[in-house]
Amino acid sequence: MSLRDRKKERTRRAIADAALGLFAERGFEAVTIADIAAAADVGTRTLHRYYSGKDELLFAEDDEHRAELSRLLAERPQGETPEQTLAAVIGPMVGHFADRLDELRTRDALIAANPALQARDLAKRGAVEALLAGHLARQMGVDPAEDVRPLLWAKVGMACFFAGFEIWLRAGGELADHVTAARTALLAELGATRG
């Protein structure tokens with residue numbers, strides 16, 4: 001990464017950090033773009049070069065995470081099972097969040113308190129599910145409009161991730177352990193229903 005890119009990344013991060021601090025202190029609705037720019041020591045025009053609006057500050061990494069997930073999926077070998085694919089791509093994604101517990105607790109509370117942000121969060125999750133389902137459909141050689149399995153597997157993978165994520169937000173510990181525990185519990189429950 002060049003010096004210029006590093007400076008841009010520092011500015012982007014400073015703006016996002018300032019916004020999160022103000023949102024936590026005053027509430028999402030009470031904070032203006034001008035407030036955030038002042039707290040980050042940048043102009044509003046500079047802020048708008050990085051973020052199109054206030055809600056973008058809580059979802060700033062979405063595009064990066066989807067791009068990373070796309071890259072991870074593209075690297076998966078042909079012929080692996082959906083479970084193998086999900087296990088392989090969810091692990092690296094966990095690493096993006098693992099050392100940010102306090103920040104993500106604050107973010108989660110802000111989203112939970114605002115219906116518009118909740119809708120945005122659900123749309124984000126839906127986009128990730130669609131990306132996973134599309135990849136799994138290609139791997140399985142099926143039409144995702146007619147075969148339920150790719151979407152089902154995508155939803156199961158996301159459910160395990162978010163179940164572990166929510167427990168981690170409440171209890172702390174290691175995010176990876178909670179996500180693994182969710183997958184293990186699901187497989188155990190499915191095994192119990194077969195018996």
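Count, please, the residues in the stretch 93-108 that happen to be in a helix (DSSP H, G or I) and open to solvent by less than 60 Å² (accessible area, probe 1.4 Å).
Quick first cut of the stretch 93-108, residues in a helix (DSSP H, G or I) only: 93-94, 101-108.
Now restrict to residues that are open to solvent by less than 60 Å² (accessible area, probe 1.4 Å): 93-94, 101, 103-104, 106-107.
Of the residues in that region, 7 qualify.
Could you check the stretch 7-29 and list, in sequence order, the residues that are small (Gly, Ala, Ser) and open to solvent by 60 Å² or more (accessible area, probe 1.4 Å)? Break it down stepwise before answering.
Restricting attention to the stretch 7-29, the residues satisfying the condition of being small (Gly, Ala, Ser) are 14, 16, 18-19, 21, 24, 27.
Matches in the stretch 7-29: Ala24 only.
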Which one of these is open to solvent by 50 Å² or more (accessible area, probe 1.4 Å), in a helix (DSSP H, G or I), among the polar types (S, T, N, Q) and within 15 Å of Gly157 (Cα to Cα): Gln84, Gln118?
Gln84
Against the condition part of a helix (DSSP H, G or I), at pLDDT 95 or above and either surrounded by fewer than 18 Cβ atoms within 10 Å (Cβ to Cβ) or more than 20 Å from the chain's Cα centre (by Cα) (or both), how does Glu166 come out, does it pass?
yes
Which residues, counting only those in the stretch 59-81, are surrounded by 11 or more Cβ atoms within 10 Å (Cβ to Cβ), touching a residue at least 60 places away in the same chain (Cβ under 8 Å) and farther than 12 Å from Leu131 by Cβ?
Phe59, Arg76
Which numbered condition Arg183 misses (of (1) touching a Pro at 6+ places or on another chain (Cβ under 9 Å); (2) in contact (Cβ under 8 Å) with a residue 40 or more places away in the chain)
(1)
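Any idea how many residues of the stretch 9-25 are closer than 13 Å to Ala109 by Cα and over 18 Å from the mean Cα position of the chain (by Cα)? Don't jump to the end; show me each part of the working.
If we filter the stretch 9-25 for residues that are closer than 13 Å to Ala109 by Cα, which is where we start, we get 20-21, 23-25.
With over 18 Å from the mean Cα position of the chain (by Cα) added as a condition, the list becomes 21, 23-25.
Number satisfying all stated conditions: 4.
Please indicate, with yes or no, whether at least one residue in the stretch 174-183 is polar (S, T, N, Q) and loosely packed, with under 13 Cβ neighbours inside 10 Å.
If we filter the stretch 174-183 for residues that are polar (S, T, N, Q), which is where we start, we get 180.
Of the ones still in play, those that are also loosely packed, with under 13 Cβ neighbours inside 10 Å are none.
No, the stretch 174-183 contains no residue that is polar (S, T, N, Q) and loosely packed, with under 13 Cβ neighbours inside 10 Å.
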Return the only residue of Asp99, Asp108 being among the acidic types (Asp, Glu), under 13 Å from the mean Cα position of the chain (by Cα) and farther than 30 Å from Met140 by Cα.
Asp108
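Does Leu136 satisfy the condition of being modelled with pLDDT of 95 or more, assigned to a helix (DSSP H, G or I), open to solvent by 50 Å² or more (accessible area, probe 1.4 Å) and within 19 Å of Ala88 (Cα to Cα)?
Values: modelled with pLDDT of 95 or more: yes; assigned to a helix (DSSP H, G or I): yes; open to solvent by 50 Å² or more (accessible area, probe 1.4 Å): no; within 19 Å of Ala88 (Cα to Cα): yes.
No.
The values are calculated or read from the model by the stated rules, or taken from the named source; none is laboratory data. Just so you know, these numbers come straight off a predicted model, no measurement behind them. With ideal geometry, Cβ positions are generated from the backbone for all residues, glycine too; neighbour counts draw on all protein chains shown. Accessible surface areas use protein heavy atoms only, side chains included; no ligands, DNA or RNA. Shrake-Rupley method; radii C 1.70, N 1.55, O 1.52, S 1.80 Å.
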